[in-house]
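Presented below is the structure to which this report refers.
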Amino acid sequence: MKLSRSALAADQTHHIHPFSYPAAVREGRFRRIVERAEGVYQIDSEGRRSIDAVSGLGCVNIGYGREEMADTIAEAVRTLSFHPVFWECTNPYSAALVEKLDQLTPANMQHFFFANSGSEANDTAIKLVRWYWKLQGKPQKQHVISRDMAYHGMNLLSASLTGLQPCHPQFSLPIAGVSHIMAPWSWVNGADLDDEDFGLRAAQALEDEILRVGPERVGAFIGEPMQATGACVTPPASYWPEIRRICDRYDVLLIADEVVTGFGRTGQWFGQQYFGFEADITVLAKGISSAYFPVSAVVLNTRVGETLSTNPEELYHGYTCSCHPVGAATALKNIQILQDEGLVERVRDHLAPRFWQRLEALREHPLVGEIRGAGLGAGLQLTADKASRSFFPEGSGIDALVARYTWDKGVIVRDLGADTVGLMPPFITSDDELDQIFSALRHGLDRALLSLEH
Ligand code: PLP
């Protein structure tokens, strides 16, 4: 679709964009105006084709504009454009998605509740935690522990779980009943320890917080297996198994927010398989439908799921579009594409090894302090001084500078803040496109370095 002048003017004046500076939009300072996307490419209003090395927002894993997705969505719209799964109702699309997910997911993912976004799914997860503990006769177990640097969404509750400090003051958050512990971010918190010991120390922060709040009051701990938006903080191998042990010790439910890591990003279907632990509750979104339609899910293990799904009371929770038939058809087709094309295995066996080989080659760059991540997701920690691990002065926008110069060479990477540049290419990225991503990124780093020197 072509953008008309009048529509652009209306957008500039009347559209409050998420995670944007409203005043910049009012002045017409758009960063990019994208008209089309196909495969790994975005095509902007000036006809420039850029490789999207972040898969939109870490979601378009199968690539843009696929014909078979368009056909599936059109067929579902023609057949059943809407149907609520409220009041003991179902339909072929919703039921088929549940059957597919049940077959695909590991043993600890048994019972599914659907929503439309990661934020809604995280809110739902916490509501189900509260209900679960009430049914267990422990209604006081309502407190939830999250982490600094976490991103769990933007609703009042999910934004409270989010641990990125700038997300709180405008809205008087976090709400009561949520606290945050340190992130397993060794660049900042672990200079004195080796990986193994640092993972244990970072997990110890959970036990300390449970004891501070009182185990009888703590209902759940929530974490992303690998933090994505939060500077791509990635814990060492010792972290998650220790977190699981601590949750078990104090009877605290473990929630894995797999909104980004679910459906292959790490080279395993789920981040829990990559990091070696099993959550009680798993939250899925983004990659479940590759964002062709808004779909998210909360998945319960047997312990929680059997308790809730056999309860005789009505569940007073749901969304108009929970398990929307078109969304279900979209997710089903997306999963089928991942399976038929072996895309998760492609990430694990082919793309991720090449990706990390090329990342390693950047380690020597004067601006690169550390490279974090897993599978086909990584964050480059930029630093003013590798030895002291120092950050650039507040507001220097070094990561945005690198992203801008990288884009000059036709590749979109993400400035994540905390002097970190993020990469999450689609699973269909070719070898040649991967090489283009890294040559553009090196250019971006070199140009940013040059501008610092002048
Ligand atoms: N959880 C994680 C790990 C995310 O990365 C995000 C979004 O980026 C969310 C939750 C929130 O999802 P949504 O933007 O669909 O509400």
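The values are calculated or read from the model by the stated rules, or taken from the named source; none is laboratory data. Predicted, not measured: the structure shown is a model, and the values here were computed from it. For neighbour counting, all protein chains shown are included, and Cβ atoms are generated from backbone atoms with ideal geometry for every residue, glycine included.
Of Ser94, Ser50, Ser119, which residue is buried (at least 19 other Cβ atoms within 10 Å of the Cβ), within 16 Å of the ligand (Cβ to nearest atom) and among the small types (Gly, Ala, Ser)?
None of the others qualify; the one that does is Ser119.
Please go through segment 98-116 and pick out each residue that is outside any helix (DSSP H, G or I), away from the ligand (no atom under 16 Å from the Cβ) and in contact with a Leu (Cβ under 8 Å, 6 or more places away or on another chain).
The answer is Met109, Gln110, His111, Phe112.
Return yes when Pro22 is at pLDDT 95 or above, within 16 Å of the ligand (Cβ to nearest atom) and under 30 Å from Glu224 (Cβ atoms) and no when it is not. I'd like the intermediate steps shown before the answer.
Details: at pLDDT 95 or above: yes; within 16 Å of the ligand (Cβ to nearest atom): no; under 30 Å from Glu224 (Cβ atoms): yes.
No.
Return the residue satisfying two criteria in turn: it lies in segment 390-423 and is among the charged types (D, E, K, R) and at pLDDT 95 or above, and of such residues it is surrounded by the most Cβ atoms within 10 Å (Cβ to Cβ).
Result: Asp399.
All but one of (1) surrounded by 22 or more Cβ atoms within 10 Å (Cβ to Cβ); (2) more than 16 Å from the ligand (Cβ to nearest atom); (3) closer than 16 Å to Ser322 by Cβ hold for Tyr132; state the number of the condition that does not hold.
Going through the list (1) surrounded by 22 or more Cβ atoms within 10 Å (Cβ to Cβ); (2) more than 16 Å from the ligand (Cβ to nearest atom); (3) closer than 16 Å to Ser322 by Cβ, Tyr132 breaks only (3).
Go through segment 276-334 and give me each residue that's aromatic (Phe, Trp, Tyr) and within 16 Å of the ligand (Cβ to nearest atom).
Our first condition is that a residue be aromatic (Phe, Trp, Tyr); within segment 276-334, this holds for 277, 292-293, 316, 319.
Once the filter is applied, which keeps residues that are aromatic (Phe, Trp, Tyr) and within 16 Å of the ligand (Cβ to nearest atom), segment 276-334 yields Tyr292, Phe293, Tyr319.
Which ones in segment 338-390 are part of a loop (DSSP other than H, G, I, E, B), charged (D, E, K, R) and at negative phi? Show your work before the answer.
So the first thing to find is which residues in segment 338-390 are part of a loop (DSSP other than H, G, I, E, B), and the list is 341-342, 361-367, 375-376, 383-384, 386-389.
Applying the additional criterion that residues be charged (D, E, K, R) yields 341, 363-364, 386, 389.
The answer is Glu341, Arg363, Glu364, Lys386.
Hey, which of the helices (runs of 4 or more DSSP H) in segment 190-275, taking only ones fully inside, have at least 3 residues that are within 16 Å of the ligand (Cβ to nearest atom), modelled with pLDDT of 95 or more and within 19 Å of Asn108 (Cβ to Cβ)?
Once the helices (runs of 4 or more DSSP H) in segment 190-275 are filtered for at least 3 residues that are within 16 Å of the ligand (Cβ to nearest atom), modelled with pLDDT of 95 or more and within 19 Å of Asn108 (Cβ to Cβ), what remains is 271-275.
Take segment 143-184 and flag every residue that is of a type in the set (D, E, K, R) and within 13 Å of the ligand (Cβ to nearest atom). Talk me through it step by step, then tell me what you get.
Start the filter on segment 143-184 by keeping residues that are of a type in the set (D, E, K, R), which leaves 147-148.
Selection gives Arg147 alone.
Give just the number: which of (1) surrounded by fewer than 16 Cβ atoms within 10 Å (Cβ to Cβ); (2) of a type outside the set (A, V, I, L, M, F, W, C); (3) in a helix (DSSP H, G or I) does Pro139 not satisfy?
Single failed check for Pro139: (3).
Inspect segment 69-80 for any residue being more than 16 Å from the ligand (Cβ to nearest atom), more than 22 Å from His324 (Cβ to Cβ) and out of contact with any helix residue (DSSP H, G or I) (no Cβ under 6 Å at 6 or more places or on another chain) and give the result as yes or no.
Within segment 69-80, none of the residues are more than 16 Å from the ligand (Cβ to nearest atom), more than 22 Å from His324 (Cβ to Cβ) and out of contact with any helix residue (DSSP H, G or I) (no Cβ under 6 Å at 6 or more places or on another chain).
So that you can scan it fast, the table gives a plain yes or no per residue for (1) touching a Lys or Arg at 6+ places or on another chain (Cβ under 8 Å); (2) polar (S, T, N, Q); (3) in a strand (DSSP E or B); (4) under 17 Å from Glu364 (Cβ atoms):
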site	(1), (2), (3), (4)
Leu416	no, no, yes, no
Pro426	no, no, no, no
Glu433	no, no, no, no
Phe438	yes, no, no, yes
Leu441	no, no, no, yes
Leu445	no, no, no, yes
